[in-house]
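**Q** One structure follows; several queries about it will come next.
Laboratory data are not the source of any read-out in this text; all were calculated from the coordinates shown. These figures come from a predicted structure and were not determined experimentally. Every residue, glycine as well, gets a Cβ built from its backbone with ideal geometry; the counts of neighbours run over all protein chains shown.
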Amino acid sequence: MNMPQLGLGTWKSEPGEVGEAVKTALRLGYRHIDCAAVYGNEAEIGVALEEAFADGGIARADVWVTSKLWNTSHAPDDVRPALMQTLSDLRLDYLDLYLMHWPVVLKKDAAMPLSAADFIALDKLPVADTWHAMEPLVAEGLCRQIGVSNFSVLKLEALLGAAKIPPAANQIEMHPYLQQPAMLEFCAAHNVHLTAYAPLGSGDLSLLADATVVAISERHGCTPAQVLIRWAMQRGTSVIPKSCNPERIAQNLSAADVVLSDDDMRELAALDRAQRFIDGNFWVHEGGPYTLANLWD
Ligand code: A2P
């Protein structure tokens, strides 16, 4: 997969800010923007992309754009219209990568669930059915590659068995507190690219303040965020730190210039505590089909 390893995340990037963030990122040299319909900001990102391409210097083909199918559009007939809406919002005629956002199905009018009645169980609408509706979008030229997000090894394995086009990528939460060695090994063996989201802890400051991360950053004369981003890159994953702040957008990009030693990587490896900052508890409702156990297997 020729995805640029470092991308800009846009989850929780506020409307009114995200367009500037995307333009700043592209100006600084980012060539990978990670989006999703549910972030509610694709229309503003679309305007920014259009302006960046019109200003010259950056061509559409030079930028990798990912977006994601929301849980309310898993019914096979809803998949193509959802992608068309995202393309229209982003003002693009194709995506580089389209991901199934979660292995979770919501009723069409329940963008965020209020009760168990808003969910559809995976045995009623299996991810393989949704996947089979995503596959033809590649031949149609609407997305170059398709993949998934928030999938466990077990769910990836099942999908690989059912897919005509194997998932090119799995985008999951990954950082030194959630290293998932078995996932890394499985994806390497099955040629599934991994993208690490929430590499900085998604707003929780414990990772950025971790004593080991801080000590390593001091040794390198860089910031804790740069250590975390570079750690993901040295494990061979791509990584999509979110920022709307121009200095931090620049700082995160220069993480690519830091080189962590084997000793640094060993110290960071020892931090694993299988801790999720985004544990999916918003999909767990009393009497509903999803539990944390069956979500992450
Ligand atoms: P901001 O947008 O104000 O820069 P993640 O990518 O793990 O989801 O983390 C995003 C969070 O980390 C946001 O709150 C973002 O805030 C903050 N952040 C982004 N880059 C840095 C950085 N270099 N140093 C400290 N915090 C950062």
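**Q** Please report, in whole Å, how far the alpha carbons of region 187-227 spread along each principal axis, starting with the longest.
**A** Projected onto its principal axes, the Cα set of region 187-227 covers 37, 23, 13 Å.
**Q** Moving on. Anyone know which of Asp89, Asp34, Asp272 comes out most mobile in the 10 Å Cα GNM of the chain?
**A** Per the Cα network of the chain with a 10 Å cutoff, Asp272 tops the list.
**Q** Shifting gears a bit: Can you tell me which of Phe186, Phe151, Phe119 moves the most in a GNM of the chain? Springs connect C-alpha atoms under 10 Å apart.
**A** Phe186
**Q** Classify region 101-215: rounded, prolate or oblate, from the alpha-carbon gyration tensor (a ≥ b ≥ c, eigenvalue square roots; a/c under 1.5 rounded; otherwise prolate if a/b is larger than b/c)? Spell out each step's value before the answer.
**A** Values: a/c = 2.16, a/b = 1.39, b/c = 1.56.
Verdict is oblate for region 101-215.
**Q** What nm distance separates the two modelled labels at Ile278 and Ala256, each placed 7 Å from Cα along Cα→Cβ?
**A** Output for this residue pair reads 2.3 nm.
**Q** For region 161-277, what mean projected area does the convex hull of the alpha carbons give, in nm²? Kindly include the intermediate steps, with their values, before the conclusion.
**A** Values: hull surface 31.7 nm².
Seen from a random direction, the Cα hull of region 161-277 projects 7.9 nm² on average.
**Q** For region 1-111, what Kirkwood radius comes out of the mean inverse Cα-Cα distance, in Å?
**A** On the way: mean 1/r = 0.0701 Å⁻¹.
With all distinct Cα pairs of region 1-111 included, I get 14.3 Å.
**Q** Tell me, how many Å apart are the Cα centres for region 232-297 and for region 35-55?
**A** 24
**Q** Let me ask you something else. Which value in Å does the Kirkwood hydrodynamic radius of region 48-132 take, with 1/r averaged over all unlike C-alpha pairs and then inverted?
**A** Working: mean 1/r = 0.0697 Å⁻¹.
Every distinct Cα pair counted, the radius reaches 14.3 Å.
**Q** For the chain, what is the mean residue ellipticity at 222 nm derived from helices alone (per DSSP H run of n ≥ 4: -39500 (n - 2.57); sum divided by total residues; nearest 500 deg cm²/dmol)?
**A** Values: 11 runs with 113 residues, N = 297.
It lands at -11500 deg cm²/dmol.
**Q** Give the aspartates and glutamates whose C-alpha is closer than 16 Å to that of Lys124, dropping any in the same chain fewer than 8 places away, or say none.
**A** Within the straight-line limit of under 16 Å, Lys124 reaches these aspartates and glutamates: Asp77, Asp78.
**Q** Quick one: which of Lys68/Lys164; Lys12/Lys108; Lys23/Lys155 span more than 27 angstrom between C-alpha atoms?
**A** Values: Lys68/Lys164 20 Å; Lys12/Lys108 23 Å; Lys23/Lys155 36 Å.
Checking Cα-Cα distances, Lys23/Lys155 exceed 27 Å.
**Q** Next up: For region 38-77, compute Rh as the Kirkwood radius over C-alpha pairs and then the Stokes-Einstein diffusion coefficient at 10 °C and 1.306 mPa s; write the answer in µm²/s, rounded to an integer. If you can, show how the numbers build up before the last one.
**A** Values: Rh = 12.1 Å.
The estimated diffusion coefficient comes to 131 µm²/s.
**Q** Charges at C-beta only: +1 for Lys and Arg, -1 for Asp and Glu. How large is the resulting dipole of the chain about its Cα centre, in Debye rounded to 20?
**A** Working: 22 positive and 37 negative charges, 51 e Å.
It works out to roughly 240 debye.
**Q** What are the semi-axes of the equivalent ellipsoid for the chain, taken as the square roots of 5 times the Cα gyration tensor eigenvalues, largest first, in whole Å?
**A** Numbers: eigenvalues 168, 117, 62 Å².
Listed largest to smallest, the semi-axes of the chain are 29, 24, 18 Å.
**Q** State the dimensionless ratio Rg/Rh of region 249-297 (Rg: radius of gyration of Cα atoms; Rh: Kirkwood radius).
**A** On the way: Rg = 17.8 Å, Rh = 14.5 Å.
Result for region 249-297 is an Rg/Rh of 1.23.
**Q** For region 177-226 and region 125-163, what is the separation of their C-alpha centers, rounded to whole Å?
**A** Going from one Cα centre to the other spans 26 Å.
**Q** Related question: Taking the Cβ-Cβ separation of Leu184 and Ala117 as r and a Förster radius of 35 Å, what is the calculated FRET efficiency to the nearest 0.05?
**A** Values: r = 37 Å, r/R0 = 1.07.
Between Leu184 and Ala117 the formula returns 0.40.
**Q** In nm, what is the difference between 0.36 nm times the number of residues separating Ala211 and Leu292 and their Cα-Cα distance? If you can, show how the numbers build up before the last one.
**A** Numbers: separation 81, 0.36 × 81 = 29.16 nm, distance 2.96 nm.
26.2 nm is the gain from fully extending Ala211 to Leu292.
**Q** If you rank Lys23, Lys108 by fewest surrounding Cβ atoms within 10 Å, what's the result? Intermediate results must be reported in sequence, preceding the final value.
**A** Numbers: Lys23 17, Lys108 12.
If I rank by nearby Cβ atoms, fewest first, I get Lys108, Lys23.
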